[in-house]
Amino acid sequence: STLIKLLLGLYKPDRGSLYFHGVNYETLDTDTLVKQIGVVFQDFVKFDFMVRENVGFGNVSEISDDAVIHQALEKSMASHIVKRMPDGINTYMGRWYEQNGVRMSGGEWQRIAAARAYISDRDIMIMDEPAAMLDPIAEMQQFREIRQSFRGKTAILISHRIGFARLADKILVLDQGRLAESGIHEELMENKGIYYRLFSEQARWYEGSECDE
């Protein structure tokens, strides 16, 4: 989480330099980052507004486009949740502004937050623990959708639950703030280092879950 806040320009490094397409962050226009990098934080914001607004805040120019909102909900696997709501995408989430608003579970809120990321349509997408509130099977389905949706773009996923890493083109393992290992799943399993230990310990969560496309 600290690393992505550095990448977003929210933190400044104590030493060393950060570059974006060869341009030092110290001289980089903040708008450049905002227009090219999207992010879903682990502690995502829950707006007690309509579903439409909760999703559309990811790209305000599309907030009135029902088709785009529904497409983002499909990608985040939240469509079935919204279909149960009395007013669909115009249903209020929470009861701060609307007495009859719906109450959502943590996992349902997380899927809506993911839809907000999908609609942003940035070249680089950073997701910090995007499926932490989902069960392992739903988590793997979510990561499959992320891989498909951001094909040809850059997606950075951060998680302590590493079953999804088998889908990644490159895995980076951090230990005490340092890069400890990097490679693909098969290479890191052969190395029998930190990744191997973590993956093996969590393997029971993913037994029976298919990961190959």
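The values are calculated or read from the model by the stated rules, or taken from the named source; none is laboratory data. Every value quoted in this text rests on a predicted model; they were computed, and no experiment measured them. All Cβ positions, glycine included, derive from the backbone under ideal geometry; neighbour counts span all protein chains shown. Only protein heavy atoms, including side chains, enter the accessible area calculation; ligands, DNA and RNA are left aside. Shrake-Rupley method; radii C 1.70, N 1.55, O 1.52, S 1.80 Å.
Considering only residues that are open to solvent by 80 Å² or more (accessible area, probe 1.4 Å) and within 27 Å of ASP121 (Cβ to Cβ), which ones fall in region 167-194?
Of everything in region 167-194, those that are open to solvent by 80 Å² or more (accessible area, probe 1.4 Å) and within 27 Å of ASP121 (Cβ to Cβ) turn out to be ASP169, LYS170, LEU172.
Filtering region 1-28 down to residues that are open to solvent by 60 Å² or more (accessible area, probe 1.4 Å) and charged (D, E, K, R), which residue is nearest to GLN42 (Cα to Cα)?
LYS12
Take ALA155 and tell me if it is of a type in the set (Gly, Ala, Ser), closer than 28 Å to ALA203 by Cβ, in contact (Cβ under 8 Å) with a residue 24 or more places away in the chain and open to solvent by 30 Å² or more (accessible area, probe 1.4 Å). Don't jump to the end; show me each part of the working.
Working: of a type in the set (Gly, Ala, Ser): yes; closer than 28 Å to ALA203 by Cβ: yes; in contact (Cβ under 8 Å) with a residue 24 or more places away in the chain: yes; open to solvent by 30 Å² or more (accessible area, probe 1.4 Å): yes.
So ALA155 fits the description; yes.
Taking ARG122 as the residue in question, decide whether it is open to solvent by 10 Å² or more (accessible area, probe 1.4 Å), touching a residue at least 24 places away in the same chain (Cβ under 8 Å), under 20 Å from LEU73 (Cα atoms) and in a loop (DSSP other than H, G, I, E, B).
Values: open to solvent by 10 Å² or more (accessible area, probe 1.4 Å): yes; touching a residue at least 24 places away in the same chain (Cβ under 8 Å): yes; under 20 Å from LEU73 (Cα atoms): yes; in a loop (DSSP other than H, G, I, E, B): yes.
Spelling it out, ARG122 is indeed open to solvent by 10 Å² or more (accessible area, probe 1.4 Å), touching a residue at least 24 places away in the same chain (Cβ under 8 Å), under 20 Å from LEU73 (Cα atoms) and in a loop (DSSP other than H, G, I, E, B).
Within region 44-64, is there a residue that is touching a Phe, Trp or Tyr at 6+ places or on another chain (Cβ under 8 Å), open to solvent by 70 Å² or more (accessible area, probe 1.4 Å) and not in a helix (DSSP H, G or I)?
Within region 44-64 (the criterion being touching a Phe, Trp or Tyr at 6+ places or on another chain (Cβ under 8 Å), open to solvent by 70 Å² or more (accessible area, probe 1.4 Å) and not in a helix (DSSP H, G or I)), the answer is yes, since at least one residue qualifies.
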